[in-house]
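Below is one structure, written out as structure tokens, with a few remarks after it.
The values are calculated or read from the model by the stated rules, or taken from the named source; none is laboratory data. Please read all numbers here as calculations on a predicted model, not as lab measurements. Counting neighbours? That spans all protein chains shown, and the Cβs are built from the backbone with ideal geometry, glycine included.
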Amino acid sequence: MKKTFLLIILLSLSANLLYSELSFSGLNEFKYIYSNKDNEGKSYFSDEFQIQTQFRSFRTGIKFDLYKPRFDKFALTSTEEDENYIDEYYLQYESDHWFVQAGTYEAVIGSGMVLHNFYDDDFESDSRLIGGYVNPVYDRWQVQLFAGLMESDISIHPDLEDEYDQLGAFDVDFNIIDNLTIGGSYVLHKENEVINSDEIKFNNRTVYAGKLNFSSSLFDLHTEYATSKDDEDVTGSAIYSNITSYIGKFTLIGAYKNYENFDVRISDLPMVNHAGQILEHSWDPGKDEEGLMGEIRFLPNYENEFVLNYAEGWNSNFMVRLSNFYSEFKHDFEVWSFKAEFESLEQLNKEDANRWYKEITPALTFDFLVKDNPVLIKAEYQYKEEDKITGNHSHFEPRLQTDIAIGSYSLSVTVENQIGDSDSPEDGDDGEYWIGGELATTIFNNTDVRLFYGKEKGGIVCSNGVCKNQAEFDGVRLTVTTTF
């Protein structure tokens with residue numbers, strides 16, 4: 001009897017101890033979309049549920065996605081299907097000097113020029129790895145070991161669906177002295193390729209890279225260099241460097257890039273311009289490009305800020321060019337502030353597209369309070385001009401955005417108009433309007449609700465060296481996000 005009683009007490013104490021060290025957290029995002037795509041109203045439901053559990057130094061998690069049906073914002077027609085699957089799963093261990101993960105994970109080395117695997121929701125692109133990651137970190141050094149599978153790129157060929165690339169990487173950093181760190185990397189990417197329209201084989205690409213970081217009271221310097229070679233004897237190279245100097249009230253920033261045959265999916269190449277644009281929309285990023293960027297920031301006092309930024313980019317024979325200029329002046333008053341911006345972008349491609357493009361975007365932003373409620377008003381008057389085989393076209397795109405917050409509610413309304421004709425598919429017609437509003441609030445202290453109604457204009461959006469036409473949206477979008 002005594003043994004049974006002691007056993008019950010022991011089990012109760014163990015359960016209480018386990019419960020005190022075991023924690024759960026998670027997130028659930030429910031989304032409803034009513035889209036007027038193809039002039040046919042259609043409803044879309046989705047739910048993304050993720051939960052993680054932590055016990056001492058261990059953490060495990062899983063994410064499940066459900067779509068009824070899946071809304072493809074880039075599809076031209078409404079042909080979406082129901083989908084449900086486990087999107088990610090992982091087990092982690094973390095201590096003072098070690099981090100280990102198995103399952104689905106994102107990977108990055110340095111600036112991402114050599115390696116950056118992640119899920120890009122804007123472009124619905126997934127390059128995450130399924131495998132293992134080890135990261136020991138000590139006082140003067142750290143090591144990263146990556147190994148895993150990555151979904152093959154079906155945009156190259158549809159036969160690559162359900163196929164996986166293989167990737168392994170090694171990265172090490174040494175802190176030589178307090179303000180100097182050097183490092184080196186090795187990456188092996190076994191990429192699936194379709195041969196003769198039916199045979200799939202691996203193309204092995206190896207990358208060797210080095211990087212340097214130096215910091216002082218006068219400037220900070222970051223430099224990376226990489227060289228690559230594959231089974232087809234295609235050699236590539238990449239250089240990226242940036243320096244930031246501090247001289248009194250001035251901050252000077254400079255950046256340089258030089259990429260050759262480095263247009264691969266695992267690389268997230270810095271674009272080295274304020275607009276974040278590649279040389280030209282039909283030119284593969286990293287294929288053949290070089291560029292410089294310089295920026296001056298001047299803060300004479302706490303109320304004023306001046307920014308000047310200019311960048312040039314070109315390919316080896318100067319047939320593909322980019323220039324980007326950005327300026328900004330911001331002044332803070334006691335209860336309100338305003339910011340004036342001006343940006344121009346010019347792109348030229350005489351190599352294979354015979355296209356010239358220019359956009360000029362002046363903008364004013366006012367930020368103030370109305371009875372302790374913050375209000376933001378931003379006005380743009382963008383001008384676009386394009387000259388290609390079909391002729392020369394130009395138009396204006398005035399845009400007005402107003403954001404206001406009252407208590408736990410915030411409202412954002414955007415009105416955009418097109419004045420003039422355009423031959424680009426992402427633009428609209430002369431006189432067309434895009435009006436949309438989003439209402440956001442928090443309920444139950446852990447649930448965010450966002451409701452959008454109206455139209456959003458499509459257009460060229462560039463991210464991570466990839467530019468795509470963002471699809472125009474017309475309809476209702478409700479998002480409910482709950483954390484626990």
Original post:
So how many residues does the stretch 281-305 have that are touching a residue at least 40 places away in the same chain (Cβ under 8 Å), closer than 30 Å to Ser228 by Cβ and assigned to a loop (DSSP other than H, G, I, E, B)?
Top reply: 5
**OP:** Take Leu160 and decide whether it is hydrophobic (A, V, I, L, M, F, W, C), more than 24 Å from the chain's Cα centre (by Cα) and farther than 30 Å from Ser215 by Cβ.
**Re:** yes
**OP:** Scan (1) within 22 Å of the chain's Cα centre (by Cα); (2) surrounded by fewer than 17 Cβ atoms within 10 Å (Cβ to Cβ) for the single condition Phe250 breaks and write down its number.
**Re:** (1)
Original post:
What residue, of Ile419, Ile406, is over 17 Å from Trp434 (Cβ atoms), more than 26 Å from the chain's Cα centre (by Cα) and either at pLDDT 95 or above or of a type in the set (A, V, I, L, M, F, W, C) (or both)?
Top reply: Ile406
Subject >> Of all residues in the stretch 205-236 being among the aliphatic types (A, V, I, L, M) and outside any strand (DSSP E or B), the one that is farthest from the chain's Cα centre (by Cα) >> reply: Leu218
**OP:** Being small (Gly, Ala, Ser) and in contact (Cβ under 8 Å) with a residue 60 or more places away in the chain is the filter here, so list the residues in the stretch 217-264 that pass it.
**Re:** Ala226, Ala238
Subject >> So Ile200, is it among the β-branched types (Val, Ile, Thr), under 21 Å from Leu129 (Cβ atoms), in contact with an Asp or Glu (Cβ under 9 Å, 6 or more places away or on another chain) and in contact (Cβ under 8 Å) with a residue 12 or more places away in the chain >> reply: yes
Original post:
Of the residues that make up the stretch 314-328, is at least one surrounded by fewer than 16 Cβ atoms within 10 Å (Cβ to Cβ), in a strand (DSSP E or B) and modelled with pLDDT of 95 or more?
Top reply: no
**OP:** Starting from residues that are charged (D, E, K, R) and modelled with pLDDT of 95 or more, keep the ones in the stretch 439-476 and report whichever is surrounded by the fewest Cβ atoms within 10 Å (Cβ to Cβ).
**Re:** Asp448
**OP:** Hey, can you tell me all the residues within the stretch 185-220 that are of a type in the set (Val, Ile, Thr) and either more than 24 Å from Ile109 (Cβ to Cβ) or touching a Cys at 6+ places or on another chain (Cβ under 8 Å) (or both)?
**Re:** Val194, Ile195, Ile200
Original post:
Which of (1) buried (at least 17 other Cβ atoms within 10 Å of the Cβ); (2) part of a strand (DSSP E or B) is the odd one out, the single condition Phe262 does not satisfy?
Top reply: (2)
**OP:** Show the residue pairs that are 6+ apart or on different chains and have beta-carbon atoms under 9 Å apart, the first residue being within the stretch 338-358 and at positive phi, the second being outside any strand (DSSP E or B) and not acidic (Asp, Glu).
**Re:** Asn354/Ile389
**OP:** Select from the stretch 105-120 the residues that are in a strand (DSSP E or B) and either surrounded by fewer than 17 Cβ atoms within 10 Å (Cβ to Cβ) or free of Cβ contacts under 8 Å to residues at least 40 places away in the same chain (or both) and list them in ascending order.
**Re:** Val108, Tyr119, Asp120
